[in-house]
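Notes follow the structure.
Just so you know, all these numbers are worked out from the coordinates, no wet-lab data involved. Note that the structure is a prediction, hence the values are computed from the model and not measured. Quick reminder, even Gly has a Cβ in these numbers, built from the backbone with ideal geometry, and neighbours come from all protein chains shown.
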């Protein structure tokens, strides 16, 4: 150990964006190449039933950082200007309160953007989100390299699936920058104190701009096609929000769909290889054996499955996430070559890492340690509070999805049907399971959800048909950001652009 007087473990928490749970070689994915993560999984435990309770960035990250649910932290809608609650200790603050130094690099997605949420220091990559008045550290880095404001001149949007190779030199790609900054941070640590490091890679979240070498890597690797269930083929009979979600995919033909997946996988492999440089730094600094490593994501991406893209739905592609934990060699506190199928969520990250470091878990935390005997009976999933809301009740095997518009329900037997090809909601053999999950969902509803309940039963809202509308902002396409654009809300993204029948 090269920690001098320190004998407590370090912690490296790696969080990606849009990386879905099956997108690992060790999970049996037929196309993606993830040798680094596969090896880390073999050195520890992969939790095969990990789920994002909120399949959209901000609510998910609030839960990750605090160990509490949306009912407590107050955001299930994606509120970009809601500060982190000041009365709830974050994972970073808790580590610091117990003698750790805590540093973050990359995407943490908080407001205000320079809020350190308990970290000693944060080097921010907020994806050029300067509409809030902040030039982030990655943008400053690009400016120092002579590329001020040029990161989006590839022409790809942050929330759609056009693709092309990265347009600037390899060394200034956001994935490389985050890796370089965390390795520099590791080298600059105080060796007399343990460290908690947070590394937030922004990818494989679009824009889909992989390095040319990683695009080429997949030239001879067959790209798996998306699966589409029969229930997903009849768009007009889908729940209102599922209809809206499918309209985002109609512009992609079969060739573009496969190419988008290829670009997405290429960005995953780029991240995977860059993690090697971080692990290599830990090894060369003499502290790898005494460093806990966890890898996860805020949520997944449908990536064409069931004719849907991106997030904000509770099908497996969007809500299932990777969860890999490698303990220290010296303590052997995490089983190696192990797969654990218990139900876990983002709320469980904070108590797990604190327990591994013998740090008391704050009373505010609602999650459970992934290594203890306690188990979740269910996870409640929440997205939105208005017309495009949806809810999930998942017991680790059966998943109930609720769309209040039209009072629509779906039920899937995930253990036997992980691709969600068969909707069991009207299957008599699943009636007792359906009724139990419905009753459990009702018991967990609060606030604005209560308007969907009448006399103890789900009644929802009147049904509607989604009418696709124009999307003139191209999902908030960004341009030349030098000089820095003015603060404005005029170009805010509309996730489900709709043409009202009366328009």
Ordering 204-212, 80-88 by per-residue average of other C-beta atoms within 10 angstrom, highest first, gives 204-212, 80-88
Quick check: residue separation of residue 132 and residue 171 times 0.36 nm, minus the Cα distance between them. What number comes out in nm?
11.3 nm
In nm, what is the difference between 0.36 nm times the number of residues separating residue 487 and residue 235 and their Cα-Cα distance?
86.9 nm
Nearest-0.05 FRET efficiency for residue 416 and residue 342, computed from C-beta distance (R0 22 Å)
0.75
Per-selection Rg to Rh, region 204-288 - Cα, Kirkwood hydrodynamic radius
1.17
Round to a whole angstrom and tell me the spacing of the C-alpha centers of region 226-288 and region 191-218.
15 Å
Residue order, fewest to most surrounding Cβ atoms within 10 angstrom, among 452, 197, 215, 482:
482, 452, 215, 197
Cα gyration tensor, region 60-157 - rounded (a/c under 1.5), prolate or oblate:
oblate
Region 355-503: antiparallel bridges as % of DSSP beta bridges, rounded to 5, reads 95 percent
Give, in whole angstrom and from largest to smallest, the semi-axes √(5λ) of the equivalent ellipsoid of region 1-98, with λ running over the eigenvalues of the Cα gyration tensor.
27, 24, 10
How far apart, in nm, are two points set 7 Å out from the Cα along the Cα-to-Cβ line at residue 192 and at residue 79?
4.3 nm
Got the relative contact order for the chain handy, in percent, Cα pairs under 8 Å and 6 or more residues apart?
25 percent
Order the peptides 369-378, 172-181 from the highest to the lowest mean number of other Cβ atoms within 10 Å of their residues.
172-181, 369-378
Would you please put 156-169, 224-237 in order of how densely packed they are, using the mean number of other Cβ atoms within 10 angstrom per residue and starting with the highest?
156-169, 224-237
Where in region 344-378 is the amide nitrogen less than 19 Å from a point lying 7 Å along the Cα-to-Cβ axis of residue 453?
377-378
Counting only the backbone N, which residues of region 283-298 are under 17 Å from the spot 7 Å out from the Cα of residue 330 toward its beta-carbon?
283-293
Bridge type composition, the chain - antiparallel percent by DSSP, nearest 5
45 percent
Would you give the gap between the C-alpha center of region 429-503 and the C-alpha center of region 359-385, rounded to a whole Å?
25 Å
Considering all alpha-carbon pairs of region 351-478, what whole percent are spaced by more than 19 angstrom?
62 percent
Computed over the chain, the Cα gyration tensor eigenvalues, each multiplied by 5 and square-rooted, give semi-axes in Å (largest first) of 34, 28, 22
Given just the C-alpha atoms of region 132-250, how large is their convex hull per residue in cubic angstrom?
206 Å³
Difference of contour (0.36 nm per residue) and Cα-Cα distance, residue 115 to residue 184
22.7 nm
